[in-house]
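Read through the structure below, which is laid out as structure tokens, and then see the notes.
The values are calculated or read from the model by the stated rules, or taken from the named source; none is laboratory data. Since the structure is predicted, the reported quantities are computational estimates derived from the model, not experimental observations. Don't worry about glycine lacking a Cβ; one is built from the backbone with ideal geometry, like all the others, and counts go over all protein chains shown. Remember, those area values only see protein heavy atoms, side chains included, never the ligands or the DNA or RNA. Shrake-Rupley method; radii C 1.70, N 1.55, O 1.52, S 1.80 Å.
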Amino acid sequence: MFNCLYEYLLKKTNGENQKVPFHSHTCFELVYYNSGEGVTLINGTRYPYRANDMVIIEPGSQHNDLTKEKSDVICIGFSYDNVEFPLKSGVYRNKNKRVQKLINSLVSEMREKQVYYDFFCNTLIAQILVEIGRLVLHASPDAVKDDCVNQVLKYIDQYFLTEISIEQLSQMANYSYHRFRHIFKEKMGVSPKRYILNKRLTYVKKLLQETDKSITELA
């Protein structure tokens with residue numbers, strides 16, 4: 001789980017045909033539209049939104065908001081260490097309403113301010129980002145494949161000097177043996193076996209350059 005840090009929360013209502021001037025933030029901002037419809041412009045890119053959509057805005061991004069209808073909005077500022085899921089500016093469709101429930105819980109925590117509410121807010125934001133990540137992966141089959149292959153690559157990078165079977169890797173990626181080989185080669189340009197071999201050869205070349213060991217010893 002990545003670590004999140006709550007920065008601010010703002011509830012507001014934008015009127016019909018209202019224009020919010022261009023501005024930026026030093027942290028990430030999540031804008032959740034409980035109702036309404038309009039367009040936000042982020043770094044020159046136009047993103048239409050409607051009720052129950054979310055807009056993610058990266059730090060330092062110039063953005064505005066032009067409403068087509070009256071809109072009830074919740075703005076959440078936060079920072080996080082984006083190791084596994086780097087957030088990108090844009091509109092995210094909240095189809096399962098889970099994010100809305102989490103945001104409502106966040107609003108309640110900020111209103112009531114019970115003991116350790118700030119820690120709980122950080123946890124809620126982390127859950128919201130996980131749900132957004134799931135929405136992205138569900139919407140994009142290619143992203144699902146990329147995520148599976150990336151997990152395999154991390155494993156290979158750590159254990160390439162040990163015995164690794166392609167069957168083991170395909171099970172890890174949750175694909176059949178032949179399907180996994182096809183997906184891996186499509187993404188990496190080489191087969192899994194060749195990729196592992198290349199990793200080992202690169203490592204041996206490095207040892208030959210930096211140590212006094214012979215090829216026979218390394219073999």
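Every condition in (1) under 24 Å from the mean Cα position of the chain (by Cα); (2) hydroxyl-bearing (Ser, Thr, Tyr); (3) open to solvent by 10 Å² or more (accessible area, probe 1.4 Å) is met by Thr13 except one, and the failing one is (1).
Applying the criterion of being within 19 Å of Tyr80 (Cα to Cα) and open to solvent by 40 Å² or more (accessible area, probe 1.4 Å) to the residues of segment 122-146, the residue that is modelled with the lowest pLDDT is Val136. Scanning segment 179-192 for residues that are in a helix (DSSP H, G or I) and open to solvent by less than 80 Å² (accessible area, probe 1.4 Å) turns up Phe180, Ile183, Phe184, Met188, Pro192.
Go through (1) open to solvent by less than 50 Å² (accessible area, probe 1.4 Å); (2) at pLDDT below 90; (3) touching a helix residue (DSSP H, G or I) at 6+ places or on another chain (Cβ under 9 Å) and name the single condition Asn3 misses. Tallying (1) open to solvent by less than 50 Å² (accessible area, probe 1.4 Å); (2) at pLDDT below 90; (3) touching a helix residue (DSSP H, G or I) at 6+ places or on another chain (Cβ under 9 Å), Asn3 fails exactly one: (1). So, in segment 21-72, of the ones that are among the aromatic types (Phe, Trp, Tyr) and open to solvent by 50 Å² or more (accessible area, probe 1.4 Å), which residue ends up nearest to Val130 (Cα to Cα)? Selected residue: Tyr47.
Would segment 179-191 turn up any residue that is among the polar types (S, T, N, Q) and modelled with pLDDT of 90 or more? Within segment 179-191, one or more residues are among the polar types (S, T, N, Q) and modelled with pLDDT of 90 or more. Of the residues that sit in segment 106-121 and are open to solvent by less than 80 Å² (accessible area, probe 1.4 Å) and aliphatic (A, V, I, L, M), which one is modelled with the lowest pLDDT? Among those that are open to solvent by less than 80 Å² (accessible area, probe 1.4 Å) and aliphatic (A, V, I, L, M), it is Met110. For segment 163-178, residues that are small (Gly, Ala, Ser) and surrounded by 13 or more Cβ atoms within 10 Å (Cβ to Cβ) total 2. Each residue in segment 1-60 was checked for being acidic (Asp, Glu), part of a strand (DSSP E or B) and free of Cβ contacts under 8 Å to residues at least 60 places away in the same chain, and 3 of them qualify.
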